[in-house]
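Only one structure is covered here, and it is reproduced in the block below.
The values are calculated or read from the model by the stated rules, or taken from the named source; none is laboratory data. This is a predicted model, so every value here is computed, not measured. Here the Cβ is made from the backbone with ideal geometry for all residues, glycine too, and neighbour counts use every protein chain on show. To get the accessible areas, we keep the full protein, side chains included, count just its heavy atoms, and leave off ligands, DNA and RNA. Shrake-Rupley method; radii C 1.70, N 1.55, O 1.52, S 1.80 Å.
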Amino acid sequence: MSWFSFFSQWRRASTLSFYNTLSKNTEVFTLPAPARSVRMYNCGPTVYGPQHIGNLSAAVFADTLRRVLEFNEYQVKQAINITDFGHLVSDGDDGEDKMMKGLRAAGKELTMDNMHELATGFMNQYLADITALNVATEKIKFPRASEYIPAQIAMIQTLVEKGYAYETSDGVYFEVAHFPAYGALGGIDMSGQQEGARVAINTEKHGPHDFALWKKSADMGWESPWGLGFPGWHIECSAMIHSLLGKQIDIHTGGIEHISVHHNNEIAQSEAATGKLPFSRFWMHRAHIRMNDAKMAKSDGNVAYLSDVLERGYHPLALRYWFLTSHYRSPANFTWDALDAAQKAFLRLRKFVDTNETAPDVPPQWKQKITLRLNDDLDTPGAIATLWEMSKDAGLSPADVKAALVYADRVLGLGFAHEDAQAKQLYEKMFGAEARADELPEDIRALMEAREKARETKDWAQADALRAELTEKGYKLEDSGSGPRVVRIQK
């Protein structure tokens with residue numbers, strides 16, 4: 001390869017780009033010089049119950065995104081919201097309230113104190129779960145919606161004063177017709193949906209897509225200029241973003257289910273309140289994770305939690321590995337067989353870092369390939385495939401392979417740079433424990449030496465026969481770049 005070609009490919013590899021849902025294009029990510037601090041907000045959980053692995057995958061996606069930004073020498077100010085009151089089952093303003101549902105399921109009286117206590121318990125469980133998945137929680141702010149009530153009320157007042165919102169007998173609503181750009185995210189066609197649609201559910205609404213900023217309540221909630229009640233779900237995100245990150249941010253993430261309603265509502269109320277456009281420069285959305293080819297839903301019993309994963313004896317990072325083997329914009333189907341395969345692959349890949357040898361740097365051609373994949377819209381499956389391809393390169397030393405794995409792990413977050421007693425134990429249970437040469441019985445050492453001589457003379461039949469004899473005696477040979485390794489087969 002010429003120096004020009006190498007330089008061109010390296011320049012492409014070092015260019016960070018993401019798919020932007022707003023523009024429907026993959027765009028180069030940059031900040032106006034000299035800024036190096038990225039403001040990122042990630043839609044988080046409603047903590048009315050434990051979070052299933054589909055919800056946890058959103059946190060792993062956000063963590064991986066932060067890692068790739070840091071990999072490219074950006075600083076990141078990151079916030080993941082905790083919705084601890086009032087989120088309805090649907091993205092609209094109808095359906096059952098999830099926090100109320102959680103209180104009933106727990107057999108608790110419907111009070112504000114009980115709601116706060118319930119939310120605190122499930123929030124702590126969520127934080128413990130994502131920490132186990134190696135999400136760097138210490139780098140993230142986790143604002144609770146209930147702690148930002150004054151900010152939400154202030155934003156609603158601003159929208160009312162500017163003529164974007166109006167009061168009804170049951171709350172305060174944002175008038176979508178006063179925000180012509182509504183629906184730009186995801187290319188939602190509003191014209192056809194508006195025809196003949198005077199909302200039957202709430203005849204006081206001016207338009208079918210007007211959404212609640214405040215919901216009045218007869219006996220629970222917070223005091224406001226419109227009476228006792230709760231903020232609408234959408235306003236919490238805008239208020240917390242403005243309070244923690246500013247009136248404009250660089251990246252906003254969520255699930256694909258948030259595009260049509262929740263995130264369009266966020267854009268409308270935020271840009272209407274501040275007059276600053278765009279509210280977020282990049283919008284990135286994670287595709288759904290299904291289970292056994294069906295929607296993951298607790299109500300249907302088709303759901304898995306991290307506690308289920310751990311109880312079945314899996315390493316938590318095997319689940320993270322499985323998440324990363326699918327691109328974040330591609331739907332994935334979870335099965336226990338798929339997690340079995342992911343655990344085996346994760347443990348085998350981890351085994352390459354169990355060497356005391358060190359290399360000064362990653363071989364340039366492999367460093368370029370890994371960087372290209374990681375910087376190309378967070379192509380984690382491509383990066384993992386590159387690592388496996390690299391592991392089979394006979395021209396690399398164990399130290400080279402280890403260096404590349406640790407380099408890629410700055411984004412993948414699979415713990416390759418650290419000792420992991422649980423992973424080692426699981427590997428030995430699954431594949432056998434590696435035996436040191438000085439611990440081997442004399443007859444086993446003799447068979448290994450004989451096999452090496454047969455290989456040197458290219459007597460492959462004899463080498464295979466000696467390998468089979470070793471297997472019969474309870475030892476398995478694994479050929480590697482640094483020579484044969486032998487593991488005891490557990491019986």
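See the values below:
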read-out: Filter result for the condition that a residue is at pLDDT 95 or above, open to solvent by less than 40 Å² (accessible area, probe 1.4 Å) and assigned to a loop (DSSP other than H, G, I, E, B), over G44, G49, G86; value: G44
read-out: Flag if T111 is open to solvent by 50 Å² or more (accessible area, probe 1.4 Å) and hydroxyl-bearing (S, T, Y); value: no
read-out: Answer from Q51, Q125, Q78 - the residue that is touching a residue at least 12 places away in the same chain (Cβ under 8 Å) and under 23 Å from I249 (Cα atoms); value: Q78
read-out: Residue check for L414: more than 21 Å from V486 (Cβ to Cβ), open to solvent by less than 10 Å² (accessible area, probe 1.4 Å), in contact with a Phe, Trp or Tyr (Cβ under 8 Å, 6 or more places away or on another chain) and modelled with pLDDT of 90 or more; value: yes
read-out: Residue in segment 297-320 that is among the acidic types (D, E), open to solvent by 10 Å² or more (accessible area, probe 1.4 Å), at pLDDT 95 or above and under 30 Å from Y74 (Cα atoms) present; value: no
read-out: Among residues of segment 143-165, those that are among the aliphatic types (A, V, I, L, M) and farther than 22 Å from Q78 by Cα, counted; value: 6
read-out: Of all residues in segment 433-491 being at pLDDT below 70 and part of a loop (DSSP other than H, G, I, E, B), the one that is least open to solvent (accessible area, probe 1.4 Å); value: A435
read-out: Verdict on K367 being in contact (Cβ under 8 Å) with a residue 60 or more places away in the chain, surrounded by 14 or more Cβ atoms within 10 Å (Cβ to Cβ) and not acidic (D, E); value: no
read-out: One residue from A58, A35 being touching a Lys or Arg at 6+ places or on another chain (Cβ under 6 Å) and open to solvent by 10 Å² or more (accessible area, probe 1.4 Å); value: A58
read-out: Residue selected from segment 355-364 under the condition surrounded by 14 or more Cβ atoms within 10 Å (Cβ to Cβ) and over 27 Å from the mean Cα position of the chain (by Cα), by the criterion modelled with the highest pLDDT; value: P363
read-out: Hits in segment 126-145 - residues which are surrounded by 21 or more Cβ atoms within 10 Å (Cβ to Cβ) and hydroxyl-bearing (S, T, Y); value: Y126
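Each row is one residue, and each column tells you yes or no for (1) part of a loop (DSSP other than H, G, I, E, B); (2) at pLDDT below 95; (3) not hydrophobic (A, V, I, L, M, F, W, C).
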position: E27; (1), (2), (3): no, no, yes
position: A33; (1), (2), (3): yes, yes, no
position: M40; (1), (2), (3): no, no, no
position: S57; (1), (2), (3): no, no, yes
position: R66; (1), (2), (3): no, no, yes
position: A79; (1), (2), (3): no, no, no
